[in-house]
Amino acid sequence: QVQVVESGGGLVQAGGSLRLSCAASGTIFSSNAMGWYRQVPGKQRELVAEIFSGDITNYADSVKGRFTISRDNTKNTGYLQMNSLKPEDTAVYYCRQTVMNTNYWGQGTQVTVSS
(Lines give C-alpha, C1' and ligand atoms only; values in the text may rest on other atoms or scores of the structure.)
Protein backbone atom coordinates (compact mmCIF):
# COMPACT_ATOMS: atom_id res chain seq x y z
CA GLN A 1 0.00 0.00 0.00
CA VAL A 2 1.29 3.42 -0.96
CA GLN A 3 1.76 5.87 1.89
CA VAL A 4 2.65 9.53 1.57
CA VAL A 5 3.79 11.65 4.50
CA GLU A 6 4.61 15.35 4.39
CA SER A 7 6.72 17.23 6.91
CA GLY A 8 8.59 20.48 7.31
CA GLY A 9 5.81 23.00 7.64
CA GLY A 10 5.81 25.72 10.26
CA LEU A 11 5.68 29.41 11.00
CA VAL A 12 8.10 31.71 9.23
CA GLN A 13 8.41 35.45 8.68
CA ALA A 14 7.92 36.96 5.27
CA GLY A 15 11.09 36.67 3.24
CA GLY A 16 12.12 33.50 5.01
CA SER A 17 12.52 29.95 3.77
CA LEU A 18 11.17 26.50 4.49
CA ARG A 19 11.80 23.09 2.99
CA LEU A 20 8.96 20.62 2.84
CA SER A 21 9.58 16.89 2.55
CA CYS A 22 7.39 14.18 1.07
CA ALA A 23 8.27 10.62 2.04
CA ALA A 24 6.70 7.82 0.04
CA SER A 25 6.60 4.12 0.79
CA GLY A 26 5.11 1.08 -0.92
CA THR A 27 6.00 2.33 -4.39
CA ILE A 28 8.85 2.61 -6.86
CA PHE A 29 9.43 6.26 -6.11
CA SER A 30 11.60 7.05 -9.13
CA SER A 31 8.80 6.01 -11.50
CA ASN A 32 6.23 8.34 -9.99
CA ALA A 33 5.17 11.80 -10.90
CA MET A 34 5.04 13.96 -7.80
CA GLY A 35 3.30 17.21 -7.10
CA TRP A 36 2.92 19.75 -4.35
CA TYR A 37 -0.41 21.46 -3.89
CA ARG A 38 -1.75 23.96 -1.38
CA GLN A 39 -5.14 24.83 -0.03
CA VAL A 40 -6.59 27.61 2.09
CA PRO A 41 -10.03 27.43 3.73
CA GLY A 42 -12.83 28.11 1.31
CA LYS A 43 -10.70 27.72 -1.78
CA GLN A 44 -9.87 24.88 -4.12
CA ARG A 45 -6.62 23.02 -3.80
CA GLU A 46 -4.14 24.46 -6.29
CA LEU A 47 -1.05 23.07 -7.94
CA VAL A 48 2.20 24.61 -6.73
CA ALA A 49 4.81 22.49 -8.49
CA GLU A 50 5.23 19.06 -10.02
CA ILE A 51 8.04 16.86 -11.21
CA PHE A 52 7.94 14.04 -13.71
CA SER A 53 10.18 11.20 -14.72
CA GLY A 54 13.34 12.68 -16.16
CA ASP A 55 13.10 15.54 -13.65
CA ILE A 56 10.88 17.64 -15.86
CA THR A 57 9.30 20.29 -13.65
CA ASN A 58 6.33 22.60 -13.79
CA TYR A 59 5.51 25.53 -11.49
CA ALA A 60 2.59 27.78 -10.80
CA ASP A 61 3.31 31.32 -11.96
CA SER A 62 2.92 32.60 -8.41
CA VAL A 63 5.92 30.59 -7.16
CA LYS A 64 8.25 30.61 -10.16
CA GLY A 65 11.72 31.75 -9.17
CA ARG A 66 10.99 31.27 -5.46
CA PHE A 67 10.13 27.57 -5.05
CA THR A 68 12.07 24.54 -6.24
CA ILE A 69 10.76 21.00 -6.43
CA SER A 70 13.23 18.13 -6.31
CA ARG A 71 13.49 14.47 -5.42
CA ASP A 72 16.01 12.04 -3.97
CA ASN A 73 15.18 8.61 -5.34
CA THR A 74 17.67 6.94 -2.99
CA LYS A 75 15.61 8.18 -0.04
CA ASN A 76 12.16 7.85 -1.63
CA THR A 77 11.67 11.48 -0.69
CA GLY A 78 10.65 14.59 -2.54
CA TYR A 79 11.16 18.17 -1.50
CA LEU A 80 9.78 21.63 -1.99
CA GLN A 81 12.29 24.35 -1.20
CA MET A 82 10.41 27.58 -0.59
CA ASN A 83 12.34 30.85 -0.54
CA SER A 84 11.26 34.49 -0.31
CA LEU A 85 8.03 33.41 1.32
CA LYS A 86 5.06 35.76 1.30
CA PRO A 87 1.99 35.90 3.54
CA GLU A 88 -0.09 34.74 0.58
CA ASP A 89 1.87 31.47 0.59
CA THR A 90 0.13 30.58 3.85
CA ALA A 91 -1.77 27.34 3.32
CA VAL A 92 -1.85 23.63 4.01
CA TYR A 93 0.59 22.00 1.61
CA TYR A 94 -0.10 18.54 0.26
CA CYS A 95 2.08 16.09 -1.61
CA ARG A 96 0.67 13.94 -4.39
CA GLN A 97 2.30 10.79 -5.69
CA THR A 98 0.96 9.38 -8.95
CA VAL A 99 1.47 5.63 -9.17
CA MET A 100 0.15 3.78 -12.21
CA ASN A 101 -2.30 6.61 -12.91
CA THR A 102 -3.60 6.57 -9.32
CA ASN A 103 -3.06 9.58 -7.07
CA TYR A 104 -2.06 9.17 -3.46
CA TRP A 105 -2.12 12.09 -1.06
CA GLY A 106 -0.52 12.87 2.25
CA GLN A 107 -2.26 14.43 5.23
CA GLY A 108 -0.82 17.89 4.58
CA THR A 109 1.51 20.20 6.47
CA GLN A 110 0.66 23.73 7.53
CA VAL A 111 2.79 26.64 6.33
CA THR A 112 2.14 30.01 7.89
CA VAL A 113 3.98 33.13 6.73
CA SER A 114 3.69 36.17 8.98
CA SER A 115 4.03 39.70 7.67
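Some observations on this one:
- Across region 5-22, coupling constants 3J(HN,Hα) worked out from phi with the 6.51/-1.76/1.60 Karplus curve, θ = phi - 60°, read 9, 9, 7, x, x, x, 9, 9, 7, 3, x, x, 10, 9, 10, 8, 10, 9 Hz, and Gly and Pro carry x.
- 18 Å reach of a label modelled at Phe52, 7 Å along Cα-to-Cβ, counting backbone N of region 80-115: 96-104
- Mean Cβ count within 10 Å, highest first, over the residues of peptides 56-62, 34-40, 14-20: 34-40, 14-20, 56-62
- The slack between Ala60 and Gln107, meaning 0.36 nm per residue of separation minus the straight C-alpha distance, is 14.8 nm.
- Glu88 paired with Ser25, simple spin-label distance in nm, labels 7 Å along Cα-to-beta-carbon: 3.9
- Sequence of Glu46, Glu6 from largest to smallest accessible area, 1.4 Å probe: Glu46, Glu6
- Rounded to the nearest whole Hz, the Karplus-based 3J(HN,Hα) values (6.51 cos²θ - 1.76 cosθ + 1.60, θ = phi - 60°) of region 67-72 follow the sequence 10, 9, 9, 8, 8, 10, with x at glycine and proline.
- For Gly108, the residues 5 or more places off, or on other chains, whose built amide H falls under 5 Å of its own are Glu6, Cys95.
- Remark: region 99-109, residue by residue, has Karplus-estimated 3J(HN,Hα) of 10, 6, 6, 10, 8, 10, 10, x, 8, x, 9 Hz, where x stands for each Gly or Pro and the curve is 6.51 cos²θ - 1.76 cosθ + 1.60 at θ = phi - 60°.
- Taking a point 7 Å out from the Cα of Gln39 in the direction of its Cβ, none of the residues of region 1-24 has a backbone N less than 11 Å from it.
- Here Lys64 is the anchor, and the lysines within straight C-alpha reach of less than 23 Å, apart from those fewer than 8 places off in the same chain, are Lys43, Lys86.
- Cα-based equivalent ellipsoid, the chain: semi-axes from gyration tensor eigenvalues, Å: 23, 14, 13
- Here the accessible area of the chain is 47 percent carbon and sulfur, with a 1.4 angstrom probe and all protein chains present.
- For Arg66, no residue 5 or more places off, or on another chain, has a built amide H under 5 Å of its own.
The values are calculated or read from the model by the stated rules, or taken from the named source; none is laboratory data. Keep in mind that this is a model prediction, so the values were computed, not measured. Note that each Cβ is placed from the backbone with ideal geometry, even for glycine, and that neighbours are counted across all protein chains shown. Ligands, DNA and RNA are stripped out before the accessible areas are found, and what is left, the full protein with its side chains, is counted by its heavy atoms. Shrake-Rupley method; radii C 1.70, N 1.55, O 1.52, S 1.80 Å.
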